[in-house]
Amino acid sequence: MTVHHTHTDERIDEQRTSTSAPAAETHHNNRHGAATTARQWQVLSQLQRNRWVGTTHIYEQLKLAGFDISLRTVQRDLNALSKRFPIEKNNANPQGWRWRDDAPLHSLPHMNLSQAVAFNMVEANLTQLLPPVILDELFPWFDLARRQLKNSKVTHSWIDRVRIEPATQPLIAPHIDLESKDNLYHALFYQLQVKACYTRSNKNEASEYTLNPIAIIQRGVIIYLLATRTDDPEAIIRTFALHRFDSVEILESPAQTPEDFQLDTYLEAGSMGFSHPLFGELPERGKNTAIELQFTKQAGKSLTESKLSDDQTVTVNDDDTLTIKATVNLTSQLVWWLRGFGSGLLNAQPELLYRAVLDNSTNNATDNKPD
């Protein structure tokens, strides 16, 4: 997926500067050559292997990308490029162009504006979750996307109008040791064990563990590693916050994943919701529990649009309150969420759930915190 910038630029650019030219002329020629290269790069990026692309479409895409050119310029570019690249035209009217079947596209830049927007949004929102081995391949494409979008008013308008906002109070992400993070992601990608120095939430000094990395989960601004410890005979899956790793060494020994482990199944069971101490006496700690919530009409309105579960039902009562029934996992996350409604939550069943919501003494208590 490597983009060969220098090699491609040399082949595309027909305007080269003479070393004997005066300084002012040299500067002008350099700018002109760079503009030609950027434009012809964009022309090539519009072409496909198995479909004819019309010159008018290419012209319109270049205009959207901010190039102030004519249709005739695009036609001249294509004719010039056909002498240096394996592209071909048809005899249709209007004329179409495409890559020949034998064109080695793996080394050529190919990104239209829609793809550039997608790469830009991936860079903005997903780089924290991608392993270095993938990021190393994507960085040239992120760079190409940024340059592709630089002069496009249309796409910049879209990017300026789209945001992902947290549903809760935004927090500043804690500092993560980048070398530790890279090593953890590398080990997870290649399924290798790690030796780690890790400071648990209830300790002041780091402990050393040999871990089997299983999965990475981002929850809010915190990124967690799911792993088992080799010194644990029961191989319990534990959560480790990435910002608490002091150092990580990749081992050559293969990581051991619990048999039949499925990440989606693990998450659906509510394991990342962290269990609440009051629910320890319930069957399976309150998993898949039928609950009944009574809200004021205003407080419960949002739940008529965003459901708690697939089996949720909503009843409008005679006193203008809402009764909502659903099947959920009873977790600390559910308790904290219900507390956010304040006086808008009028009652909750089972009674133990409502007691947990009202009991501030358990505000920070969980019996399944990350290590």
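The values are calculated or read from the model by the stated rules, or taken from the named source; none is laboratory data. Keep in mind that what you see is a predicted model, and the values were worked out from it rather than measured. Backbone-built Cβ (ideal geometry, glycine too); neighbour counts: all protein chains shown.
Report yes if Arg161 is among the charged types (D, E, K, R), in a loop (DSSP other than H, G, I, E, B) and under 29 Å from Ala124 (Cβ atoms), otherwise no.
Taking the combined requirement at face value, the residue satisfies it.
Could you list, in sequence order, the residues of the stretch 207-240 that are in a loop (DSSP other than H, G, I, E, B), in contact (Cβ under 8 Å) with a residue 40 or more places away in the chain and hydrophobic (A, V, I, L, M, F, W, C)?
The answer is Val221, and nothing else.
To keep it simple, each residue is scored yes or no on (1) surrounded by fewer than 14 Cβ atoms within 10 Å (Cβ to Cβ); (2) at positive phi.
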{"position": "Ala187", "(1), (2)": "no, no"}
{"position": "Gln193", "(1), (2)": "no, no"}
{"position": "Asn204", "(1), (2)": "yes, no"}
{"position": "Asn212", "(1), (2)": "no, no"}
{"position": "Gly220", "(1), (2)": "yes, yes"}
{"position": "Thr257", "(1), (2)": "no, no"}
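Can you tell which of Asp320, Asp310, Asp246 is touching a Cys at 6+ places or on another chain (Cβ under 7 Å), modelled with pLDDT of 85 or more and not β-branched (Val, Ile, Thr)? Break it down stepwise before answering.
Details: Asp320 fails: touching a Cys at 6+ places or on another chain (Cβ under 7 Å); Asp310 fails: touching a Cys at 6+ places or on another chain (Cβ under 7 Å).
From the options Asp320, Asp310, Asp246, the qualifying one is Asp246.
Can you report the number of residues in the stretch 30-44 which are at pLDDT below 80 and under 19 Å from Asp102 (Cα atoms)?
Residues that pass the stated criteria total 0.
Got a number for residues in the stretch 60-69 being in contact with a helix residue (DSSP H, G or I) (Cβ under 8 Å, 6 or more places away or on another chain) and either surrounded by fewer than 17 Cβ atoms within 10 Å (Cβ to Cβ) or at pLDDT 90 or above (or both)?
Counting residues in the stretch 60-69 that are in contact with a helix residue (DSSP H, G or I) (Cβ under 8 Å, 6 or more places away or on another chain) and either surrounded by fewer than 17 Cβ atoms within 10 Å (Cβ to Cβ) or at pLDDT 90 or above (or both) gives 2.
Please verify whether the stretch 76-92 includes one or more residues that are outside the structural domain of Gln191 (by TED's automatic domain parsing), hydroxyl-bearing (Ser, Thr, Tyr), in contact with a strand residue (DSSP E or B) (Cβ under 9 Å, 6 or more places away or on another chain) and loosely packed, with under 15 Cβ neighbours inside 10 Å.
Yes, the stretch 76-92 has at least one match.
Take the conditions outside the structural domain of Phe341 (by TED's automatic domain parsing), on the phi > 0 side of the Ramachandran plot and polar (S, T, N, Q) and apply them to Gln148. Does it pass?
Spelling it out, it is not the case that Gln148 is outside the structural domain of Phe341 (by TED's automatic domain parsing), on the phi > 0 side of the Ramachandran plot and polar (S, T, N, Q).
Can you give me the number of residues within the stretch 177-201 that are part of a loop (DSSP other than H, G, I, E, B) and either within 22 Å of Tyr266 (Cα to Cα) or free of Cβ contacts under 8 Å to residues at least 40 places away in the same chain (or both)?
1
What are the pairs with Cβ atoms under 6 angstrom where one residue, in the stretch 335-361, is small (Gly, Ala, Ser) and the other, located anywhere, is not in a helix (DSSP H, G or I)? Sequence gap at least six, or different chains.
Once the first residue is small (Gly, Ala, Ser) and sits in the stretch 335-361, its partners that are not in a helix (DSSP H, G or I) give Gly344/Phe295; Gly344/Thr296; Ala348/Leu293; Ala356/His276.
Looking only at the stretch 241-275, how many residues end up being in contact with a helix residue (DSSP H, G or I) (Cβ under 9 Å, 6 or more places away or on another chain), assigned to a strand (DSSP E or B) and of a type in the set (A, V, I, L, M, F, W, C)?
Residues in the stretch 241-275 being in contact with a helix residue (DSSP H, G or I) (Cβ under 9 Å, 6 or more places away or on another chain), assigned to a strand (DSSP E or B) and of a type in the set (A, V, I, L, M, F, W, C): 4 in total.
Go over the candidates Ala124, Ala167, Ala173 one by one and state the one that is outside any loop (DSSP other than H, G, I, E, B) and of a type in the set (A, V, I, L, M).
On the way: Ala167 fails: outside any loop (DSSP other than H, G, I, E, B); Ala173 fails: outside any loop (DSSP other than H, G, I, E, B).
So the residue among Ala124, Ala167, Ala173 that is outside any loop (DSSP other than H, G, I, E, B) and of a type in the set (A, V, I, L, M) is Ala124.
Determine whether Gln115 is free of Cβ contacts under 8 Å to residues at least 60 places away in the same chain and either out of contact with any helix residue (DSSP H, G or I) (no Cβ under 9 Å at 6 or more places or on another chain) or not hydrophobic (A, V, I, L, M, F, W, C) (or both).
When the stated conditions are applied, Gln115 passes them.
Quick check on my filter: what residues within the stretch 305-320 are over 24 Å from Ser271 (Cβ atoms) and either crowded, with 17+ Cβ neighbours inside 10 Å or not hydroxyl-bearing (Ser, Thr, Tyr) (or both)? If you could, list the steps in order and put the result at the bottom.
Going residue by residue through the stretch 305-320, those that are over 24 Å from Ser271 (Cβ atoms) are 305, 313-320.
Glu305, Val314, Val316, Asn317, Asp318, Asp319, Asp320, listed by residue number.
Might you check whether a residue that is loosely packed, with under 15 Cβ neighbours inside 10 Å and under 24 Å from Gln218 (Cα atoms) occurs anywhere in the stretch 285-304?
yes
For Thr155, are the conditions met, namely being under 29 Å from Gly340 (Cα atoms), over 18 Å from the mean Cα position of the chain (by Cα) and not assigned by TED's automatic domain parsing to the domain that holds Gln61?
no
I'd like the full set of residues that are over 13 Å from Phe240 (Cα atoms) and of a type in the set (S, T, N, Q), limited to the stretch 190-201.
Across the stretch 190-201, the qualifying residues are Gln191, Gln193.
When you look at Ala348, is it surrounded by 13 or more Cβ atoms within 10 Å (Cβ to Cβ), hydrophobic (A, V, I, L, M, F, W, C) and at pLDDT below 90, yes or no?
no
Can you spot a residue in the stretch 103-121 that is assigned to a loop (DSSP other than H, G, I, E, B), loosely packed, with under 12 Cβ neighbours inside 10 Å and either touching a Lys or Arg at 6+ places or on another chain (Cβ under 8 Å) or of a type in the set (S, T, N, Q) (or both)? Walk me through it before giving the result.
Pass one, the stretch 103-121, residues assigned to a loop (DSSP other than H, G, I, E, B): 103-104, 108-112.
Narrowing further to those that are loosely packed, with under 12 Cβ neighbours inside 10 Å: 104.
So of that shortlist, the ones also either touching a Lys or Arg at 6+ places or on another chain (Cβ under 8 Å) or of a type in the set (S, T, N, Q) (or both) come out as none.
Within the stretch 103-121, none of the residues are assigned to a loop (DSSP other than H, G, I, E, B), loosely packed, with under 12 Cβ neighbours inside 10 Å and either touching a Lys or Arg at 6+ places or on another chain (Cβ under 8 Å) or of a type in the set (S, T, N, Q) (or both).
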